[in-house]
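Okay, structure first, notes after.
Coordinate-derived values only; no laboratory data. Bear in mind that the values here come from a model prediction, so they are computed numbers and not experimental data. Cβ coordinates were reconstructed from backbone atoms using ideal geometry, including for glycine residues, and neighbour counts include every protein chain displayed.
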Amino acid sequence: MRKLLMIPGPIEYESNVLNAMSLPTISHSSPEFISIYREALQNVSTVFGSDVTDSLPFIISGSGTLGMEVSTVNFIKRDSKVLVVNTGYFGDRFVELFSRFTDKIEQIRPPLGEASEPGVIKEKLETNEYEMMTVTHVDTSTGVRNDVRKIAEASRGSETLLVVDGVCSVGGEEFDMKWGIDVAFTASQKALGTPPGLAVGVAGKRALERMANVKPLTFFSDLRKWEAVSRGVLASNGGYFGTPNVNLITALGVSLSNILNEGMEKRIARHRLMSSALRAGIEGMGLEIMAKKSFANTVSAVYLPEGADSKKFLSDAEKMGVVFASGLIRGIAGKYFRIGHMGSINSTEVLLSLSAIERALNKGGKNIRTGSGLIAAEEVLLKSD
């Protein structure tokens, strides 16, 4: 039985993206591939809301965690003072990453399920000197969306570089480097709609100027090496540091074309609608969503009913044809589950997911009224129709 993958990445992929993965591998130095790579870099810039004339798009073989490292360690020195806006598991990961290079790490930690307050961030920046601030746009562990536009406004005028983790947002949430973001990154398997294996991002002009004045702290993550590759490819000359993942970059190019053909405004509106319908369905069943107000378009974290067995629920849902993800937050991981709704997400997938949740919970003895989630979701969808 084919199962519907509704986790926060990897996701379900468009057929033309999967077809691109099956094409014969061509030489990474061939004019054909350099042309594919060049277009992919240009489209990355477009999706991130940047301009290749004064910023640097990059596509590197690796996961989102590699993107996190590339987007931070190239712009700080050892013992730099940094600020982490921490709204979940991946805020903790920023802290762990920085701890390899500095112990001057401060955090802003809103209560679980709440977004950060731009005013608090502004006050912090006005009273302290940080070389870098990191913000997770949507934390995959909680489904909380930070208001990056307002945070960028709050940091305007500061010398602090703003780095945004867009792993669970870019391609599904409104996002624009021109808000005042210095560096941003994502991973291919999320809302960019490509199988796992690529760290994708953009470094802006101010960040590149900072990079020129610090010594490299790593080797493979040294963006100076990858800058030479990107610049060479954008000039149609090619470049080499490490062998690029030819098939994945080809597939990414197809997916980026899909995204831009749909149009960013329409794509984000579709994600917003699917997210709204799903949340209505979840609440229609009487379940609680972890995010309090600032809900993500791309992922939802949902508390299980009291006494529900997380492993049994996930197993039962999978037997019913839909795969959800377990919780990530230490101490409560077994009390909630996560639903990914990004990429090519559509109303049929939303309704199938809600049906599987209802049936799996009922099988576990939780007595969810049949159809309660589906009715609530369909009401949202019918209004949009």
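Compute the label zone of residue 12 within region 252-272: residues whose backbone N is under 15 Å from the point 7 Å along Cα-to-Cβ. Within reach of a label on residue 12, which here means backbone N under 15 Å from a point 7 Å along Cα→Cβ, region 252-272 contributes 271.
Just how far, in whole angstrom, is region 162-184 from region 7-81 if you go by their alpha carbon centroids? Here the answer is 14 Å between Cα centres.
Projecting label points 7 angstrom from Cα along Cα→Cβ for residue 228 and residue 129 puts them 3.4 nm apart.
If you take the Cα centroid of region 99-149 and the Cα centroid of region 304-379, the two points sit 30 Å apart.
Taking 7 Å steps out from each Cα toward its Cβ at residue 51 and residue 262 produces label points 2.8 nm apart. With contacts taken as Cα pairs under 8 Å at a separation of at least 6 residues, the chain carries a relative contact order of 24 percent.
Count Lys and Arg as plus one, Asp and Glu as minus one, and take only other residues whose Cβ is under 15 Å from that of residue 159; the net charge is then +3. Packing-based ranking of 289-298, 321-330 yields 289-298, 321-330, ordered from highest to lowest mean Cβ neighbour count within 10 Å.
In plain terms, the residue of 179, 226 with the fewest other Cβ atoms within 10 Å comes first and the most crowded comes last, giving 179, 226. The order of the peptides 124-130, 162-168, 250-256 by mean Cβ neighbours within 10 Å, most packed first, is 162-168, 250-256, 124-130. Charge tally for residue 284 (other residues, Cβ to Cβ under 11 Å; Lys, Arg +1; Asp, Glu -1): -2.
If R0 is taken as 25 Å, the Cβ-Cβ distance between residue 367 and residue 3 corresponds to a FRET efficiency of 0.45.
Structure note, pairs 3/190; 3/335; 335/383; 104/124; 3/266: Cα-Cα distances above 21 angstrom occur for 3/335; 335/383; 3/266. Is the C-alpha gyration tensor of region 245-366 telling us rounded, prolate or oblate? Criteria: a/c under 1.5 is rounded; beyond that, a/b larger than b/c is prolate, otherwise oblate. It comes out prolate by the Cα gyration axes. Potential lengthening of the chain between residue 109 and residue 22 amounts to 26.9 nm, from the contour at 0.36 nm per residue minus the alpha-carbon distance.
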